[in-house]
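Shown next, in structure tokens, is the structure this report addresses.
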Amino acid sequence: MARALGRPLGKCRFYSLTPSSSFCTEGDGFQSSRVKIFDRDLKRKQRDRAAWLMKGKDEFVDSVAENLLDRLHDCRKTFPTSLCLGGSLEAVRRLLHGRGGIEKLIMMDMSFDMIKALKDTDDKYSNENLETFYVVGDEEFLPMKANSVDLIVSCLGLHWTNDLLGAMIQSRLALKPDGLFLASILGGETLKELRIACTIAQMEREGGISPRLSPLAQVRDAGNLLTRAGFTLPGVDVDGYTVKYDSALELIEHLRSMGETNALLQRNHILKRDTALATAAVYQSMFGHEDGTVPATFQVMYMTGWKEHPSQQKAKRRGSATASFQDIQRQFGNNSS
Amino acid sequence: MARGVFSLLFRTGIGSGSGGGGGNGDVFGKLLSDILVCPLSRQALRYCPDSQSLISDSIGVSFPVCLDFPSPGNSHSTDIHLLAELWRKIINGIPCLVPKDGKILEDQIKSMGNDDSSGADSGI
């Protein structure tokens, strides 16, 4: 029974780029100064399980993938070689429909079972124009040669990386000049109802709180990240989705099937049955609708960035102006007060 | 995971969907030489058919190319047809380039001498 209740997943608010003493740093013999927030090995296992639980179409994931891939229509450029980083690979492959002129698609995920499941269903989507390759790899250690791919797509995958900036920098290096980086990640407002319910229930039952929700980037962070990673023409936009579930436990099942369950290094490994039930009850009472369903908010941020290329527009050099503001005022200022 | 399902395994990599080459070893080789590199050193990898792994000579680590073998109970192990299918699977295997999957090459350990010889496995 306890197993069925599962562990609430989480997403909390703040995302820090600088190492903080409260986060766990590596202690397995290799002293590294890198901040480790997420347990990547556990995330791998969770994605293996998600591969087993993958039943078919997931409306939320499909709409995010569709939204992301639609941006390819906005580009006149074609992208013969593309890399799809883990997250919702299956949805991306299914909804691609030849957009972007992709000829070679490399699917990469941390989980072997996920890749295997995709490879097994590959013939359903086989297309004469599209060659698909499957690789198991880590986004934080991208095994791609520099200047080798035209497009990198990541749909709901990068918010589990410890070093998001590093992953983005590696993506930029792997891109050819004038290559496109498209990513969608979950934002800070995601699952705020669950966060509140978990906190209240834990305070009641256990007298304290432990992190059940992972830190997520804010919109302003996304823009900064793109710029710091060296992408030109960065663009970030945000979409809010509210998904309704019959109960809070269904939300957990959904998260589990997406591979989005808790993988924080500092997580509490024990979830008491009472606490789990209390969380579900608080969720229902605070946020439940009259018909008994509960909503869950997902804030998705879509990030777009290009690798620098001389053909891209950029701001002119300082001091190269040929007209001054005074001239403009003289020209037009007479008409206004 | 349907690791043991015999019929499912033989769909791996066959047909135009995966790799276009269909049973031809060039597909894997093309991807390898054009795009894939070692995740740690970013240097080229070479495929070693004996150990079925990708070797990064610059740091002396081998990454497995994961295959999916049918469980012995379901198959006729001496079947020539099975061997041909296995070979096709090797060609269309899935390279596992996660750093933790890498193993330090045993020769490297022996030649260096002062390394810890407790095992070839190493999580990097």
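The values are calculated or read from the model by the stated rules, or taken from the named source; none is laboratory data. From a predicted model like this one, the values you see are computed outputs, not experimental measurements. FYI the Cβ positions are ideal-geometry reconstructions off the backbone, even for glycines, and counts take in every protein chain you see.
Going by what's in this entry, would A:G27 be described as under 21 Å from A:Y125 (Cα atoms), small (G, A, S) and either assigned to a strand (DSSP E or B) or modelled with pLDDT under 90 (or both)?
Numbers: under 21 Å from A:Y125 (Cα atoms): no; small (G, A, S): yes; either assigned to a strand (DSSP E or B) or modelled with pLDDT under 90 (or both): yes.
No: the conditions fail for A:G27.
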Practice item. State whether one or more residues within region A:108-122 are assigned to a strand (DSSP E or B) and modelled with pLDDT of 90 or more. Key: yes
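Here are A:I196, A:I169, A:I200: which of them is within 14 Å of another protein chain (Cβ to nearest Cβ), part of a helix (DSSP H, G or I), surrounded by fewer than 22 Cβ atoms within 10 Å (Cβ to Cβ) and of a type outside the set (G, A, S)?
Working: A:I196 fails: within 14 Å of another protein chain (Cβ to nearest Cβ); A:I200 fails: within 14 Å of another protein chain (Cβ to nearest Cβ).
That would be A:I169, the only listed residue that is within 14 Å of another protein chain (Cβ to nearest Cβ), part of a helix (DSSP H, G or I), surrounded by fewer than 22 Cβ atoms within 10 Å (Cβ to Cβ) and of a type outside the set (G, A, S).
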Review point. Within region A:276-295, can you find the residues that are among the hydroxyl-bearing types (S, T, Y), in contact (Cβ under 8 Å) with a residue 12 or more places away in the chain and surrounded by fewer than 20 Cβ atoms within 10 Å (Cβ to Cβ)?
Key: A:T293
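For region A:141-160, how many residues meet the condition of being under 9 Å from the mean Cα position of the chain (by Cα) and either assigned to a loop (DSSP other than H, G, I, E, B) or at the interface with chain B (Cβ under 7 Å from one of its Cβ atoms) (or both)? If you could, list the steps in order and put the result at the bottom.
Of the residues in region A:141-160, the ones under 9 Å from the mean Cα position of the chain (by Cα) are A:154-160.
Retained after the next criterion (residues that are either assigned to a loop (DSSP other than H, G, I, E, B) or at the interface with chain B (Cβ under 7 Å from one of its Cβ atoms) (or both)): A:156-157.
Count: 2.
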Practice item. List every residue pair whose Cβ atoms lie under 6 Å apart, where the two residues are 6 or more positions apart in sequence or sit on different chains, the first residue falls within region A:147-162 and is farther than 19 Å from A:G188 by Cβ, and the second residue, located anywhere, is part of a loop (DSSP other than H, G, I, E, B) and not hydroxyl-bearing (S, T, Y). Key: A:S148/B:I35; A:D150/A:F79; A:D150/A:P80; A:L151/A:F79
Check your understanding: Is it the case that some residue within region A:107-119 is more than 7 Å from every other protein chain (Cβ to nearest Cβ), surrounded by 22 or more Cβ atoms within 10 Å (Cβ to Cβ) and in contact with a Cys (Cβ under 8 Å, 6 or more places away or on another chain)?
Key -> yes
Review point. From the set of residues in region A:42-62 that are outside any helix (DSSP H, G or I) and over 18 Å from the mean Cα position of the chain (by Cα), which is farthest from the other protein chains (Cβ to nearest Cβ)?
Key: A:K57
Check your understanding: Applying the selection to region A:204-234, what residues are over 14 Å from A:G187 (Cβ atoms), among the charged types (D, E, K, R) and surrounded by fewer than 19 Cβ atoms within 10 Å (Cβ to Cβ)?
Key -> A:E204, A:R205, A:E206, A:R228
Review point. Among the numbered criteria (1) touching a Pro at 6+ places or on another chain (Cβ under 8 Å); (2) surrounded by 21 or more Cβ atoms within 10 Å (Cβ to Cβ), which single criterion is violated by A:L191?
Key: (1)
Check your understanding: Given (1) within 13 Å of another protein chain (Cβ to nearest Cβ); (2) buried (at least 19 other Cβ atoms within 10 Å of the Cβ); (3) at pLDDT 90 or above, where does A:F133 come up short, assuming only one miss?
Key -> (3)
Point to revise | Selection within region A:72-87 - modelled with pLDDT of 90 or more and either assigned to a helix (DSSP H, G or I) or surrounded by 15 or more Cβ atoms within 10 Å (Cβ to Cβ) (or both) | key: A:F79, A:T81, A:S82, A:L83, A:C84, A:L85
Review point. Taking the stated definitions as given, is A:L130 closer than 29 Å to A:N162 by Cα and of a type outside the set (S, T, Y)?
Key: no
Review point. Cβ-Cβ below 7 Å, separation at least six or inter-chain, first residue in region B:38-51 and over 20 Å from A:D138 (Cβ atoms), second surrounded by fewer than 16 Cβ atoms within 10 Å (Cβ to Cβ): which pairs?
Key: B:R46/B:D57
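Would a scan of region A:287-298 turn up a residue that is modelled with pLDDT of 85 or more and of a type in the set (A, V, I, L, M)? Before you say what the answer is, go through the steps one by one.
Let us first name the residues in region A:287-298 that are modelled with pLDDT of 85 or more, namely A:287-298.
So of that shortlist, the ones also of a type in the set (A, V, I, L, M) come out as A:294, A:296.
Checked against the condition, which is being modelled with pLDDT of 85 or more and of a type in the set (A, V, I, L, M), region A:287-298 yields at least one hit.
Scan region A:236-254 and give yes if some residue there is farther than 29 Å from A:K55 by Cβ and under 15 Å from the mean Cα position of the chain (by Cα), otherwise no. So that I can check it myself, show each step before the final result.
Filtering region A:236-254 for residues farther than 29 Å from A:K55 by Cβ gives A:236-237.
Checking which are under 15 Å from the mean Cα position of the chain (by Cα) leaves us with A:236-237.
Yes, some residue in region A:236-254 is farther than 29 Å from A:K55 by Cβ and under 15 Å from the mean Cα position of the chain (by Cα).
Might you check whether a residue that is of a type in the set (A, V, I, L, M, F, W, C) and either under 30 Å from A:P177 (Cβ atoms) or part of a loop (DSSP other than H, G, I, E, B) (or both) occurs anywhere in region A:243-255?
Among the residues of region A:243-255, not one is of a type in the set (A, V, I, L, M, F, W, C) and either under 30 Å from A:P177 (Cβ atoms) or part of a loop (DSSP other than H, G, I, E, B) (or both), which makes the answer no.
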Practice item. Determine whether region A:89-104 contains at least one residue that is aliphatic (A, V, I, L, M), within 11 Å of chain B (Cβ to nearest Cβ) and touching a Ser or Thr at 6+ places or on another chain (Cβ under 9 Å). Key: no
